[in-house]
1. What length, rounded to one decimal in nm, is gained on full extension from residue 287 through to residue 492, with 0.36 nm per residue of separation minus their alpha-carbon distance?
2. Determine, for each peptide in 374-384, 285-295, 467-477, the mean count of other beta carbons within 10 angstrom over its residues, then list the peptides with the highest first.
3. Excluding residues fewer than 8 places away in the same chain, name every one of the lysines whose C-alpha is closer than 24 Å to that of residue 201.
4. Rank-order 487-495, 48-56, 360-368 by packing density, defined as the average count of other C-beta atoms within 10 Å over each peptide's residues, highest first.
5. Quick one: length gained pulling residue 254 to residue 208 fully straight, 0.36 nm per residue minus the C-alpha distance?
6. Cα-Cα over 29 Å: which of 88/115; 199/404; 115/137?
7. Could you give the length gained by full extension between residue 142 and residue 167, i.e. 0.36 nm per residue of separation minus their alpha carbon distance, to one decimal place?
8. Of the peptides 197-209, 83-95, 508-520, 238-250, how do they stack up when ordered by the mean number of other Cβ atoms within 10 Å, highest first?
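Values in this text are rule-based calculations from the coordinates and carry no lab data. Bear in mind the structure is a predicted one, so any value in this text is a computation, not a measurement. In this analysis, Cβ positions are derived from the backbone assuming ideal geometry, glycine residues included, and neighbour counts consider all displayed protein chains.
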Amino acid sequence: MRGIRWVLHTALLCSSLSFSLPTNDGVVHEKRDGVPEHWTKISEASGDAPIDLRFALRQNNLEHAEAYMREVSHPESENFGRFWTPQKVINTFAPSAEAVSDTVQWLLRMGVQPKRIVPSAGRNWIKVRSTIAEAEKLLDTVYGVYRDDEGTTLVACESYAIPAAIRQHIDFVSPTIQFDPRTGTATERTSKREAIRSKFKAVDVGPDPLALDTCGQLTTPACLRAIYEIPDGGEAVPGNSYGIVEFAPQSYNQVDLNGFFSVYAPNVPNETAPAVNGIDGGYLSDETGSGTRGESNLDLCYAMSLVYPQNVTLYQVGDGVFSNPATNNNFLDAIDGSYCTFEGGDDPDWDAIYPHDASVPNAYTGEPMCGTYSATSVISVSYGRNEGDRPASYTARECIEYMKLGLMGVTLLFSSGDTGVAGNSGRCLLDNGAPTPVGASVSRLVSMDHLGDRQVVAYEFPPGGGFSNLFPLPDYQATAIASYYATHDPGYNASRYNNSEAVRGFPDVAVASQDFITGIDGGFQAFTGTSAAAPTPERDPSVS
Ligand SMILES: *[C@@H]1O[C@H](CO)[C@@H](O)[C@H](O)[C@H]1NC(C)=O
Ligand SMILES: *[C@@H]1O[C@H](CO)[C@@H](O)[C@H](O)[C@H]1NC(C)=O
Ligand SMILES: *[C@@H]1O[C@H](CO)[C@@H](O)[C@H](O)[C@H]1NC(C)=O
Ligand SMILES: *[C@@H]1O[C@H](CO)[C@@H](O)[C@H](O)[C@H]1NC(C)=O
């Protein structure tokens, strides 16, 4: 009680002094190495424009997260398989009461009225309804209006500061140095389609589609079964399902799946369909062509034929408006109620903020989904982003959320990308050596470079793989990384990548990814890319 009264007293005292705001006395908390490519500052932001600042508070016990994870996931651990309840996850990582009160008291001392300070239900975000002028004083920064080549504008800054005593409680503040516009632009949708289309090519169906002697040229479920010794699916286990995530506008077509099963997976009955969990307006589109159907058809052709008769659950994410493919927070919200309620909500710079305006076709006009569906035990996602696309703080936070799902027994698999170590922007560190890293932002990554250990093939694309600049070396990789450096010279120095030998290597798992025959538009095409590896349920032959 005394604490609360003291806070209010301070508030009154300070708000009456708000003409001469105390100075921030801050230490730089986050800083960009320049304005990102394609963006230009066009003006200062207007001081009286409103801005909602969001302070992401640091969570407790994260330093133990890897050990917790090992405890439940290492086969030799006593607690192997004893996954955590959501409540245990929440309690373990909640920010300290001190983090909340210190931050609130600092805001009050800076003259922010109490009614404008809104802590989230889970206590780990604090929102402040503010103005640009006030935000500039709070964060000792200057906001500008920036425009990209396509004319999208946003308000951002290039660095900001927080007092030393408060910094320890804060992961990051937004909107600040983040530059991704809120929604995928039309161009982004088009380029995603083009990228997928370019990975398909026409194929001729051989006389015996189930034969194994052509596995070196074309990959089929029969080939994968043989190479990875994947057993048949046995009996359907009630409640067991394999999760596949697709983001709008990608969308599968049942007729194509039927055609694929009938030729390449006769074990799967005609019309076998995934259970569709539409997230935030997720819909099955009737657009045709490999650019729109390719990714979803590919993922489902292989996931469904290799696990049948186990069920497959399709998490179809996003409505007709929003398409920022690697924006996984809307997906996470829908399968994990603790993420959207306790974990504090999405970032309007990257995540779709619903409801959307009904005037756009297939717009989702409902509330964002939150804990609407349960997560299947294994989930594959063939979409990703470069590690350097977003600030390190956001990326780290997202990774922590995947870790929490891991503690609850959920395995997530992500493709590592098809454009090599430099990612899809084609570069490693910035030319000035600044740490703009590449890679991918998520917890477990899958790529390919060989067909099992039987037959090494020349592949036609550079699968994503290399070293993170953000994530330290996990101990389960220590031996492999040490042996890599002992026997390979990557041939580049620290000006190109983080060669400290103390960072995480990726991917974790390599699986075939070349020329996967896929049902498209009533026929078949072959797809090459790590999108093919992610949904392939590989089996570790050392585990019986
Ligand atoms: C598979 O999913 C369907 C719903 O899509 C459900 O009716 C069926 O019971 C599930 N099968 C098992 C074995 O859980
Ligand atoms: C699958 O079932 C549909 C609907 O009954 C039918 O039109 C189609 O011909 C069947 N396809 C195959 C390959 O059997
Ligand atoms: C390399 O990665 C480590 C671990 O994330 C980090 O501490 C270090 O600052 C990075 N080096 C550079 C030059 O960015
Ligand atoms: C790294 O290698 C490049 C040539 O590939 C060279 O120009 C540069 O000076 C080297 N930088 C360092 C720090 O050794």
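1. Working: separation 205, 0.36 × 205 = 73.80 nm, distance 4.42 nm.
Contour length minus the Cα-Cα distance gives 69.4 nm.
2. Numbers: 374-384: 22.2, 285-295: 19.1, 467-477: 17.1.
Answer by packing, highest mean first, reads 374-384, 285-295, 467-477.
3. Straight-line reach from residue 201, under 24 Å: 192.
4. Values: 487-495: 9.2, 48-56: 17.2, 360-368: 15.0.
Packing order, densest peptide first, comes out as 48-56, 360-368, 487-495.
5. Numbers: separation 46, 0.36 × 46 = 16.56 nm, distance 2.35 nm.
Answer, rounded to one decimal: 14.2 nm.
6. On the way: 88/115 32 Å; 199/404 34 Å; 115/137 19 Å.
Long pairs (Cα-Cα over 29 Å): 88/115; 199/404.
7. Values: separation 25, 0.36 × 25 = 9.00 nm, distance 1.89 nm.
Separation in residues times 0.36 nm, less the Cα-Cα distance, equals 7.1 nm.
8. Details: 197-209: 14.0, 83-95: 16.8, 508-520: 23.9, 238-250: 22.2.
Descending mean neighbour count gives 508-520, 238-250, 83-95, 197-209.
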